[in-house]
Amino acid sequence: MKYDKIVAITKEKSRKKAQVAVKQIQTMLENQERITVEALKKRTGFAKSFFYRNPEVRKALDDARSKQQMPFNSMQVIRAIEAEDEIIDLKIQITKLKMEYDKLKILEQELVEENEKLKQELKEARKNK
């Protein structure tokens, strides 16, 4: 009987500690403070392991951290969009350069043919002299 009572008391203490921890996490989130286990440890006096081992507290901690990372993720999205715009600009530039290259290749081929034609005419002119 004593064992059951001890277990019940321990569970109740753990539940109350979890409530305190979750409340502190919410407070820090609302105040836009950086949420770390070390900061929570200082505010609550609980061991670091408590924040990792208690599933309810761990979930609240992970959720709060992911919410805090949203501005960081937003910056990543903005940077990704800017990078994508630059990639598009570079692809356009590459396409223009390829077109110019193709034109120059055609011009080169025409000049080579004209050169061969002039060489042939020069040979014929020398023979006729």
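A quick yes/no check of all residues on (1) free of Cβ contacts under 8 Å to residues at least 12 places away in the same chain; (2) open to solvent by 80 Å² or more (accessible area, probe 1.4 Å):
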residue: GLU12; (1), (2): yes, no
residue: GLU30; (1), (2): yes, yes
residue: LEU40; (1), (2): no, no
residue: THR44; (1), (2): no, no
residue: PHE50; (1), (2): no, no
residue: ASN54; (1), (2): no, no
residue: VAL57; (1), (2): no, no
residue: LEU111; (1), (2): yes, yes
Are any of the residues in segment 114-122 at pLDDT below 95 and outside any helix (DSSP H, G or I)?
-> no
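Here is a yes/no grid of residues against (1) more than 30 Å from LEU29 (Cβ to Cβ); (2) surrounded by 10 or more Cβ atoms within 10 Å (Cβ to Cβ); (3) touching a helix residue (DSSP H, G or I) at 6+ places or on another chain (Cβ under 7 Å); (4) not hydroxyl-bearing (Ser, Thr, Tyr):
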site	(1), (2), (3), (4)
MET75	no, yes, no, yes
GLU86	yes, yes, no, yes
ASP89	yes, yes, no, yes
ILE94	yes, yes, no, yes
ASP102	yes, yes, no, yes
GLU116	yes, yes, no, yes
ARG126	yes, no, no, yes
LYS129	yes, no, no, yes
What pairs can you find where one residue is in segment 14-28 and part of a helix (DSSP H, G or I), the other is open to solvent by 70 Å² or more (accessible area, probe 1.4 Å), and their Cβ atoms are less than 6 Å apart, with a gap of 6+ or different chains?
-> ALA18/GLU56; GLN24/ARG43
ASP102 over 16 Å from the mean Cα position of the chain (by Cα), in a helix (DSSP H, G or I) and at pLDDT below 95 | no
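The values are calculated or read from the model by the stated rules, or taken from the named source; none is laboratory data. Nothing here was measured: the structure is a model prediction, and the numbers come from that model. Neighbour counts run over all protein chains shown; Cβ positions are idealised from the backbone, glycine included. The area values use the complete protein model at the heavy-atom level, side chains included, leaving out ligands, DNA and RNA. Shrake-Rupley method; radii C 1.70, N 1.55, O 1.52, S 1.80 Å.
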